[in-house]
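Step one of this worksheet: look at the structure below.
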Amino acid sequence: MDWLKNESAYFVSHDADIDGMGPIIIGKTVFGKVDYSLVNYKNIDDVIKSLIEGGVFEKYDHVFITDVCPKKETIDILDALNSKVASPLESKIYVIDHHAAALDRSGYKMADIAVEKDGTKLCATTMVLQKLKDFIPETMVAPCEYLSELTRLSDTWEWHDKGVVDADDLAELFNGVGAEKYIESMTGKIASGHLASGTLFTDEERKIVDDRRTKMLAAYTRAYETSHNVKVNGKVVCVCDIDYEFRNGLSQYLRDIGERSNLLAIPDFKKGTMSYRVLDSETDVNEFAQKFGGGGNKAAAGSPITEEVIKAFELNQEHNVNPQKI
Ligand SMILES: [Mn+2]
């Protein structure tokens, strides 16, 4: 089925990780023309409004907003703009997200929002693959499924228990080369039909991943040595400084070395945000972050750094302004 080959699609997707990239890569196998903007939970509503005002969505046959969910007011605007399309997809605009914090917006017809399906945790890439699967050229289906599952394992952190290191390496490649190169590389490999374990990386990409691993271990060690513990809302919090780009693996490292705090908090004064990660597998950091005006999911969440946050977590302005120097 090459129904959508002559059609165009615009993706607004999450800038943070490979699950934001996956929907765009899948989209490129299906639509003749794909363009995109990468956003985060802070700027998504402004970006969508300016895309609408600039008439961008009108120029494309399809619009996908993936892995990060706009506010209700913005979805209302999109809803009014949405239309039926003369293609197998039911609506022109889709909002596809798997974050628990977005579940209150799952009532919209254009919204596909779910955390899991049949007991399996979802990610945005698997959800987009499901929607577009029938239109992917036959030789690219298996590579897309492979990329999608690695992305899911990375995004849900299931790779760790299952020992699928390829999934984490993929995330590190993205962190090392950036969004544009990552999308280009994976799109090319899928198009050639060669994306499977063993052909995941070129030699050059493998070297980038290995170099990052060395740097990460040094960053984790330094972060732990300079951390402090503080009790906040009944939870013991390990407050660590680490480069924003290395923050995702730190919780696993701390668990591996036996750190007993309930959760990890990483301030970033440059971005003005605090990241929270579960350490004890019981604490719901989404709930925890909501008390500070933030949110996310059970295992990973964030909030703005307010005066209240600075006081509660005993931060000073030195924290994460330049973690290398601490
Ligand atoms: Mn995701």
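Amide H contacts of His228 (H built 1.01 Å from N, in plane; Pro and chain starts excluded): Val239 sit under 5 Å, all sequence-distant by 5 or more or on other chains. Amide H to amide H distances under 5 Å link Asp67 with Ile96, Asp97, His98, where only residues 5 or more positions off or on other chains count and H is placed in the peptide plane.
Considered as an equivalent ellipsoid built on the Cα gyration tensor, region 226-325 has semi-axes of 18, 16, 12 Å, the largest given first.
Of interest is the spacing of the C-alpha centroids, which for region 70-86 and region 185-241 amounts to 36 Å. Gain on full extension, evaluated as 0.36 nm per residue between Lys133 and Ala196 minus their Cα-Cα distance, stands at 20.9 nm.
Between Asp241, Asp210, Asp19, find the one with the highest GNM mean-square fluctuation for the chain; connect C-alpha pairs within less than 10 Å. Largest GNM mean-square fluctuation: Asp210. Answer with one residue from Met140, Ala114, Leu129: the one whose Cα lies farthest towards the positive end of the charge dipole of the chain, charges on Cβ with Lys, Arg +1 and Asp, Glu -1. After comparing all options, I get Ala114.
Directionally averaged projected area (the chain, Cα convex hull): 16.7 nm². Ordering 187-197, 91-101 by mean Cβ neighbour count within 10 Å, with the highest value first, yields 91-101, 187-197. In order along region 272-285, the phi-based Karplus estimate (6.51 cos²θ - 1.76 cosθ + 1.60, θ = phi - 60°) of 3J(HN,Hα) comes to x, 10, 10, 9, 10, 9, 6, 10, 9, 6, 10, 5, 9, 6 Hz; Gly and Pro are listed as x. State the answer as a single residue: which of Asn175, Gly293, Thr74 lies farthest towards the positive end of the charge dipole of the chain, with beta carbon charges of +1 for Lys and Arg and -1 for Asp and Glu, about the Cα centre. The residue sitting farthest along the positive end of the dipole is Gly293. Over all orientations, region 8-152 has a Cα convex hull whose mean projected area works out to 8.1 square nanometres.
A short reminder: the numbers here are calculations on the coordinates, not readings from a lab. Bear in mind the structure is a predicted one, so any value in this text is a computation, not a measurement. As a convention, Cβ positions derive from the backbone with ideal geometry for all residues, glycine included, and neighbour counts pool all protein chains shown.
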